Amino acid sequence: MDYGRIGSCCKIAHRCRSLVNFTVSPRAIEFLDVAKKLWASWDPRREGEVPPDRFWDASSARTIDHEGQFFHVRGPLNVPRSPQGHPVIAQAGASEGGIELAARHGEIIYCNILSRPAGQAFTKKVKGKAIEVGRDPFAIRIVPGLVAIIGETREEALRKHELFSGTGSEDGLLARFAKENGIDPATFDPDAVLEAERFVPDQNRQWAVGMGLGLSDLLTHEKLTARQAVRRSEGHHRLVLGTPEEVADQIIDLWQDGTVDGYTLQPPRAPDDIEEFVEKVVPILQDRGVYPREYEGRTIRDRYPFPTRIEQDWRDRTDRNERCPLQGSLPVSI
Amino acid sequence: MSKTLHLTAFMRPVSLHTGAWRYPGAYADANFNFGHLKSFIQKLERAKFDAFFMADHLAVLNMPVEALKRSHTVTSFEPFTLLSALAAVTDKIGLAATASTTFDEPYHVARRFASLDHISGGRAAWNIVTTSNPDAARNFGLSEHVEHGERYQRAREFFDVVTGLWDSFADDAIIRDQESGIFFDPEKLHVLDHKGEEFSVRGPLNIARPVQGWPVIVQAGQSEPGKQLAAETAELVFAAPRDLATAKALYADIKGRMPAAGRNPAHLKILPAAMIVIGDSVDEAKAKRAHLDSLVHYDSAIASLSIALGHDASGFDPDAPLPDNIPDTNASKSGRAQVLRLAEQEKLTVRQLAQRYGGYAGLALIGTPKTIADEMETWLNEEASDGFTCVFPFLPQGLDDVTEKLVPELQRRGLFRKDYEGSTLREHLGLSRPANRFFPA
Ligand SMILES: Cc1cc2nc3c(=O)[nH]c(=O)nc-3n(C[C@H](O)[C@H](O)[C@H](O)COP(=O)(O)O)c2cc1C
């Protein structure tokens, strides 16, 4: 109906049950198996062969007769195949179960990546697992959250950060950091290098594991003090601060070597920050040839030119020229 | 003020007549073409219709595939996706959708209707169905359909949970005080904590109270428990009576049950579904209907007739009248009698009769704008209905005939509004806004 502009976001629900993430994952994986079978229960190749006194060719839809561990579904769907084949599958969640789901079914992966080494490690994990289960890793796009705070000068951007975060000052940011991470303010030294192990979240906790991983991953790969770390993320997502040029540089930085495939913009304040980003940063990205000036194609799938055949050798197409331009996903906040 | 009619449009499928998509000039893909649906709803809104109704089924329809393959009813949009899109291109017309109490969860249903009500500015209505199509069960992990009585028992509790969830927030709970930084007042949030036979739902809903308090409650059940559920809960009933006499009986039956349920019968509107075929003369309208019926393929038609008769009709001569002495079976006494009556009244051949049953066998108003307006006036005055759920014979022409010819005639007689007086569906239907059960005004 909306001609294929839809993306479907599958997150494992945070259930109030005594389930840990790795036991939820098989249900999510089977859920997607069933959804894909239903979306494929109509055969588009047979359309157009229907004689004039028939509305549809009955043999073009078939039951799926899924009998699985969690679901029993006969099908077919009573809605034919959509312009995109099936909606683009977006996935968020970086626990082990989440990565398994991303590898098996995800196409657009929301995540929090705060640095290059952390991003490369995450990408390798997801795409490696995808290869293991027989998927084309080129069919997976890593689009971490991104908070951009733009100023006339870097100083102005820093002050805006303090203002928008509600902490009011750098000291305020540091106090929040100590509180969020359970650090005793009496012994807290904002200029001491932080230890990564201190920030590893518990894999079995029921709340989103992936969010906490961003910081511990960052600290594993970079030696940072709290004063530096508070400027690297906001709301668990990568923070890029500065003038429009500086923000554009940082955006391109992690993209150009393939650490990330694009970003999910998380503007601190709507609509002002969306407008500011669109007016000041997007033109720079366009001038540098990394972001399209026009929508290419009608569907969201057209904008992420995913391979259509899994058998195709993905390695040939991962060279620079074949990579898709920077994708600006719709602003979402999680 | 004298009584006036309420009109809703039955739009999923856009026509219940299985031959509709083959009628000359019809949009064959109308069920599944957003552009067409958008133009239909905008025409209905210009004609001041009360509501646009999306029925729903959770499986492809359970007819034999030989019949199904010739049916445009096989595929339609999922109602919420469509109605959300249509809400954006309309301002006044109500948006009614079916949601199943057998295969859905109260929390999901409460959220979807609350959202649609907010998005549309108070135009949503929920048609409560228990889903009669047995094939739906097999899409939801069940090998057998849930038994009828149990479905209705579940439906009643489902209704209590959904309406309780809609009442989670008091109407004035969301204060958004930018000065103090308080967004809502927790004193005005109720946690439902429902624990019943069928459902355990904690709540609260994470959506502010709907614009209409509750979206309008619709029911279409025709059985005993169906009528009882309607009397206890519904504000709008989609009925399927055969004729004026059965409509009057049904009207009296449902409204008669309301006082015992502590309700005022004026707070429920009964709108029978009727296919409306308009011509410049009665004969021309009848000819259109006959042509429409003739587009129903004989194979699927004869199967439908056999079901209605309770006897295999495939051996009958298609171009002769119905043979005498068709054996009587216990299973279908009333169905058989109805077929015989229709064959006799309209002097139909086996083929014509079969095509009637394979096309659309329900109530039809066929004539000129004037004769149909006369009939509608009679139904209204004789307490057979409070209006109609219009089924279009083919589109766009059948719909245009209603909005451009019949509606002006009804307006001229003062039987139908010339303009909307309110902006919510409750206002169109003359229904009051329900009080919040946890936060009385
Ligand atoms: C106008 C009208 C609309 C209906 N819409 C639906 C619908 O959208 N989905 C559905 O499953 N049943 C629908 N029904 C069927 C009723 O909900 C009900 O199951 C049927 O009338 C049989 O009555 P009973 O359930 O009380 O036995 C509709 C019936 C009528 C008359």
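The values are calculated or read from the model by the stated rules, or taken from the named source; none is laboratory data. Just so it is clear, the model here is predicted, and its values are computed rather than measured. Cβ coordinates were reconstructed from backbone atoms using ideal geometry, including for glycine residues, and neighbour counts include every protein chain displayed. These area figures cover heavy atoms from the full protein model, side chains too; ligands, DNA and RNA do not enter into them. Shrake-Rupley method; radii C 1.70, N 1.55, O 1.52, S 1.80 Å.
Looking at B:S304, B:S314, B:S281, which is the one that is among the polar types (S, T, N, Q) and closer than 28 Å to B:A55 by Cα?
Working: B:S314 fails: closer than 28 Å to B:A55 by Cα; B:S281 fails: closer than 28 Å to B:A55 by Cα.
Step by step, each of B:S304, B:S314, B:S281 is checked, and only B:S304 is among the polar types (S, T, N, Q) and closer than 28 Å to B:A55 by Cα.
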### Task
Output the residue which, of all residues in the stretch B:129-167 that are closer than 29 Å to A:P76 by Cβ, more than 14 Å from every other protein chain (Cβ to nearest Cβ) and more than 8 Å from the ligand (Cβ to nearest atom), is surrounded by the most Cβ atoms within 10 Å (Cβ to Cβ).
B:F158
#### Entry: Restricting the stretch B:8-31 to residues that are open to solvent by less than 40 Å² (accessible area, probe 1.4 Å) and among the aliphatic types (A, V, I, L, M), the residue that is farthest from the chain's Cα centre (by Cα)
B:A26
### All positions within the stretch B:73-103 that are modelled with pLDDT under 95 and in contact with a Pro (Cβ under 6 Å, 6 or more places away or on another chain)
B:T73, B:T75, B:S76
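Here is a list: B:A247, B:A252. Which entry is farther than 28 Å from B:G122 by Cα and either part of a loop (DSSP other than H, G, I, E, B) or open to solvent by 10 Å² or more (accessible area, probe 1.4 Å) (or both)?
Working: B:A247 fails: either part of a loop (DSSP other than H, G, I, E, B) or open to solvent by 10 Å² or more (accessible area, probe 1.4 Å) (or both).
Exactly one of B:A247, B:A252 is farther than 28 Å from B:G122 by Cα and either part of a loop (DSSP other than H, G, I, E, B) or open to solvent by 10 Å² or more (accessible area, probe 1.4 Å) (or both), namely B:A252.
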### Query
Mind checking which residues of the stretch B:112-142 are assigned to a helix (DSSP H, G or I) and within 14 Å of B:V218 (Cβ to Cβ)?
B:F113, B:L116, B:D117
### Message
Being away from the ligand (no atom under 12 Å from the Cβ), surrounded by fewer than 22 Cβ atoms within 10 Å (Cβ to Cβ) and in a loop (DSSP other than H, G, I, E, B) is true for just one of B:R263, B:R209. Which residue is that?
### Response
B:R263
### Query
Any residue in the stretch B:172-183 that is within 16 Å of the ligand (Cβ to nearest atom), away from chain A (no Cβ under 14 Å) and surrounded by fewer than 13 Cβ atoms within 10 Å (Cβ to Cβ)?
no
#### Entry: Yes/no for A:H105 being within 27 Å of B:V74 (Cα to Cα) and either hydrophobic (A, V, I, L, M, F, W, C) or modelled with pLDDT of 90 or more (or both)
no
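Any idea which of B:L322, B:L309, B:L295 is more than 15 Å from B:A67 (Cα to Cα) and at pLDDT 90 or above?
Values: B:L309 fails: at pLDDT 90 or above; B:L295 fails: more than 15 Å from B:A67 (Cα to Cα).
From the options B:L322, B:L309, B:L295, the qualifying one is B:L322.
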### Query
Can you name the condition, by its number, that B:E187 falls short on among (1) in a helix (DSSP H, G or I); (2) surrounded by 18 or more Cβ atoms within 10 Å (Cβ to Cβ)?
(2)
### Task
State whether the residues of the stretch B:303-321 include one that is out of contact with any helix residue (DSSP H, G or I) (no Cβ under 9 Å at 6 or more places or on another chain) and more than 16 Å from the ligand (Cβ to nearest atom).
yes
### Message
So, in the stretch B:214-249, exactly how many residues are more than 9 Å from the ligand (Cβ to nearest atom), among the small types (G, A, S) and at pLDDT below 95?
### Response
0
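B:K418: of a type in the set (K, R) and within 30 Å of B:T73 (Cα to Cα), yes or no?
Numbers: of a type in the set (K, R): yes; within 30 Å of B:T73 (Cα to Cα): no.
Answer is no for this residue.
Going through A:L254, A:L219, A:L241, A:L285 one at a time, which residue ends up being within 18 Å of the chain's Cα centre (by Cα), open to solvent by less than 50 Å² (accessible area, probe 1.4 Å) and modelled with pLDDT of 90 or more?
Values: A:L219 fails: within 18 Å of the chain's Cα centre (by Cα); A:L241 fails: within 18 Å of the chain's Cα centre (by Cα); A:L285 fails: within 18 Å of the chain's Cα centre (by Cα).
Of the residues listed, the single one that is within 18 Å of the chain's Cα centre (by Cα), open to solvent by less than 50 Å² (accessible area, probe 1.4 Å) and modelled with pLDDT of 90 or more is A:L254.
Going by the structure shown, is B:D135 within 23 Å of B:V216 (Cβ to Cβ) and among the acidic types (D, E)?
On the way: within 23 Å of B:V216 (Cβ to Cβ): no; among the acidic types (D, E): yes.
Judged against the criteria, B:D135 is not a match.
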### Query
Taking the stretch B:57-88 as the region of interest, how many residues are touching a Phe, Trp or Tyr at 6+ places or on another chain (Cβ under 8 Å), more than 7 Å from chain A (Cβ to nearest Cβ) and open to solvent by 20 Å² or more (accessible area, probe 1.4 Å)?
1
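Out of the residues in the stretch B:32-56 meeting the condition of being within 13 Å of chain A (Cβ to nearest Cβ) and within 14 Å of the ligand (Cβ to nearest atom), tell me which one is most open to solvent (accessible area, probe 1.4 Å). Break it down stepwise before answering.
Pass one, the stretch B:32-56, residues within 13 Å of chain A (Cβ to nearest Cβ): B:32-38, B:54-56.
Subset that is within 14 Å of the ligand (Cβ to nearest atom): B:54-56.
Values: B:M54: 4, B:A55: 8, B:D56: 33 Å².
The qualifying residue most open to solvent (accessible area, probe 1.4 Å) is B:D56.
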### Filtered residues of the stretch B:90-123 (kept if within 16 Å of the ligand (Cβ to nearest atom) and either free of Cβ contacts under 8 Å to residues at least 12 places away in the same chain or open to solvent by 20 Å² or more (accessible area, probe 1.4 Å) (or both))
B:F103, B:D104, B:R112
### Query
Which ones in the stretch A:129-153 are under 19 Å from A:L254 (Cβ atoms) and assigned to a helix (DSSP H, G or I)?
A:P137, A:F138
### Summary
Output for Cβ contacts, cut-off 6 Å, separation at least six or different chains, first residue over 23 Å from B:P265 (Cβ atoms) in the stretch B:412-436, second surrounded by fewer than 19 Cβ atoms within 10 Å (Cβ to Cβ), reads B:K418/B:Q411
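Only residues that are open to solvent by 20 Å² or more (accessible area, probe 1.4 Å) and out of contact with any Leu (no Cβ under 7 Å at 6 or more places or on another chain): list them for the stretch A:63-79, please. Write out each step before concluding.
Our first condition is that a residue be open to solvent by 20 Å² or more (accessible area, probe 1.4 Å); within the stretch A:63-79, this holds for A:63-65, A:67-72, A:74, A:77-79.
Those that are open to solvent by 20 Å² or more (accessible area, probe 1.4 Å) and out of contact with any Leu (no Cβ under 7 Å at 6 or more places or on another chain): A:T63, A:D65, A:E67, A:G68, A:Q69, A:F70, A:F71, A:H72, A:R74, A:N78, A:V79.
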